[in-house]
1. Against the conditions (1) open to solvent by 60 Å² or more (accessible area, probe 1.4 Å); (2) modelled with pLDDT of 95 or more, where does Lys69 fall short? Just the number, please.
2. Collect the residues in the stretch 1-13 that are open to solvent by 80 Å² or more (accessible area, probe 1.4 Å) and either among the hydrophobic types (A, V, I, L, M, F, W, C) or out of contact with any helix residue (DSSP H, G or I) (no Cβ under 8 Å at 6 or more places or on another chain) (or both), keeping them in residue-number order.
3. Looking at the stretch 290-398, what strands (runs of 3 or more DSSP E) fall wholly within it and have at least 2 residues that are touching a Lys or Arg at 6+ places or on another chain (Cβ under 8 Å) and more than 30 Å from Trp191 (Cβ to Cβ)?
4. What's the number of the condition Thr226 fails, among (1) open to solvent by 30 Å² or more (accessible area, probe 1.4 Å); (2) closer than 20 Å to Ile372 by Cα?
5. If I go through the stretch 73-88 residue by residue, how many of them are surrounded by 21 or more Cβ atoms within 10 Å (Cβ to Cβ) and touching a Gly at 6+ places or on another chain (Cβ under 9 Å)?
6. Failed condition for Arg62, given (1) in contact with a Gly (Cβ under 6 Å, 6 or more places away or on another chain); (2) under 27 Å from Lys353 (Cβ atoms); (3) open to solvent by 50 Å² or more (accessible area, probe 1.4 Å), with all others met?
7. Starting from residues that are more than 25 Å from the chain's Cα centre (by Cα), modelled with pLDDT of 95 or more and among the hydrophobic types (A, V, I, L, M, F, W, C), keep the ones in the stretch 44-66 and report whichever is nearest to Thr279 (Cα to Cα).
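The values are calculated or read from the model by the stated rules, or taken from the named source; none is laboratory data. The model shown is predicted, which means the values in this text are computed figures rather than measured ones. Backbone-built Cβ (ideal geometry, glycine too); neighbour counts: all protein chains shown. Protein only, heavy atoms only, side chains kept; ligands, DNA and RNA dropped before computing areas. Shrake-Rupley method; radii C 1.70, N 1.55, O 1.52, S 1.80 Å.
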Amino acid sequence: MKIFFRRIHLYLGLAAGLIITISCLTGAMLVFETDITQALNHDRYFVTPAGNRLPLDTLAARVQQVVPKAKIARIQVFADPNRTVQVLFEEGKKKEGKEGKEGKGERAEKQEKAKGDKPGKEAPKKKEKGRTAFVNPYTGQVIELYSYQNTFYYKIFSLHRWLLSGDTGKVIIGSSTFIFLFILITGIILWIPKTKNILQQRLKIKWDGNWKRVNNDLHVVLGFYTSIFLFIIAFTGLTWSFQWFSNAFYAPIGGTKQATMPNSAPVVADANQVISFETAVTAVQKADPTAFFYTVAAPKDSAATFVVNALPKNANIEVATTTYYVDQHAGNIVSSQTFAERQLNQQVKSLIKPIHTGALYGTPTKILWLMIALMGAIFPTTGTLMWINRTRKKKKKAPAKTPLQESVTA
């Protein structure tokens, strides 16, 4: 039976090894993307406090002065007085050129597929739709207009998700990831030792052995220790690669239905009057004054609420925000929902990305995920070398033909 699994393990590894290596290497590069980006662009994210903060609506107006057609969609303000305010805005529909296609979010991509559009469109992260203005909260200066699609890391992200090839690359990455799951499963089956002595050999690397032994141990020993983590990374990645996989995964826990936002409660005051971004955030700050940050999204229509997400001080996970719904006319909090109060499918969907990227518990899990990704990148190479060494060894053991055998063959 192990011969069968060994062949499956080998053939799948040879078929998808290169793509797996690319996926793991690019994934490793993305683990500390936020940290590296902030370190290399310090002036974009940090300022020196000077006086009182300007109202959020004043900052939004400054952005609209720089970009007249900007439609403010979301504003993020940090409790840290040294952080800039981030204003996410949209500039209306773009023409269907190459850049316009690449600038669409995943939701737009799904809509286009439903309409029967041709494949090949490359979709960025949903959160990067539009551009972000980094604004000094004390002076109102627009420090930078930022577009993720124009960055080095977006190229790495596109290579990681689509091989820079749109839908075709997305299918290749997804298929290779699916194959990777079977490689990991068959690898564990092949790792199971028959004796205690073999077990000891498969739990530690013999660094003083020859290069073939070290290569073998790097593949077998490290493969055992990293397999469960690589399986988690690959499994979560598949939820973005294939819609059928995502549907099957979320179906048992309530599907992918989003939380419904409450409408504004009816008020006696003038319904045409809409509160400011500042008023909406202030209402939430009174309810949760110690949050790390507040992100306020504008109402989608005249009956909707302001949606303010606040990350509690005691939260260990960055996505574990509390959502507040603020009446756009009266300025009062209509309702709120903590992360623990969300439906199970909504909690899981929020956790998929930090689990996949290693950002779940901050720096410690990022370091672990970086090491896991780098080790995952070397397994196709070490496995191929093991196969080559075995093939050469079998050829050397093959008996040489005698003169009589050669004459008969001739």
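1. The number of the failed condition is (2).
2. Keep residues of the stretch 1-13 that are open to solvent by 80 Å² or more (accessible area, probe 1.4 Å), which gives 1, 3-4, 6-7, 11.
Passing the criteria: Met1, Ile3, Phe4, Arg7, Tyr11.
3. Numbers: elements: 293-297, 305-310, 322-327, 333-337.
Fully inside the stretch 290-398 and qualifying: 293-297.
4. (1)
5. As a first pass, look at the stretch 73-88 and keep what is surrounded by 21 or more Cβ atoms within 10 Å (Cβ to Cβ): 75, 77, 84-85, 87-88.
Narrowing further to those that are touching a Gly at 6+ places or on another chain (Cβ under 9 Å): 88.
Of the residues in that region, 1 qualify.
6. So Arg62 meets the others, but not (2).
7. Checking each candidate, the answer is Leu56.
The rows are residues; the columns are (1) in a helix (DSSP H, G or I); (2) open to solvent by less than 60 Å² (accessible area, probe 1.4 Å).
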{"site": "Gly209", "(1), (2)": "no, yes"}
{"site": "Lys212", "(1), (2)": "yes, no"}
{"site": "Leu218", "(1), (2)": "yes, yes"}
{"site": "Ala234", "(1), (2)": "yes, yes"}
{"site": "Trp240", "(1), (2)": "yes, no"}
